[in-house]
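Computed from the coordinates by the stated procedures, all read-outs in this text should not be read as laboratory data. Bear in mind the structure is a predicted one, so any value in this text is a computation, not a measurement. When we count neighbours, we look across all protein chains shown, and the Cβ atoms used for this are built from the backbone with ideal geometry, even at glycine.
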Amino acid sequence: MGEAFGVKAPEKKLDVDIATRIRVKEDGPKRSLLSIETADRPGLLVEIIKIIADINIDVESAEIDTEGLVAKDKFHVSYRGAALNGSLSQVLVNCLRYYLRRPETDIDSY
């Protein structure tokens, strides 16, 4: 966006090692709470939503926050109108952990 005003973004990327934390817990009988803390980067939210959608999980609402270089996102999710069971929660966590650990995710890898 800065380029529109004649300001270019810096070429060097900041190399910060921020641990990724992903948790799923029940949030009532009809939905679960997915919490993600990871290094913030452009396109992160789109990546997360694509992963969730690929598993056919519905996002009912979300709380998106960034503190410094850390994205702290919470999603109220469900599968076919019910909270996620243990197996589906583990699949979701594994998929998110796999894609979010990669510095750059190719569009062809989805």
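Structure above, values below:
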item	result
For L84, residues with placed amide H under 5 Å, excluding near neighbours	S32, Y79
Potential extension, I64-S35 segment - 0.36 nm per residue separation minus Cα distance	9.4 nm
Exposure proxy order (Cβ contacts within 10 Å, fewest to most) of E37, E63	E63, E37
10 °C / 1.306 mPa s Stokes-Einstein diffusion coefficient of the stretch 16-105, Kirkwood radius on C-alpha pairs, µm²/s	121 µm²/s
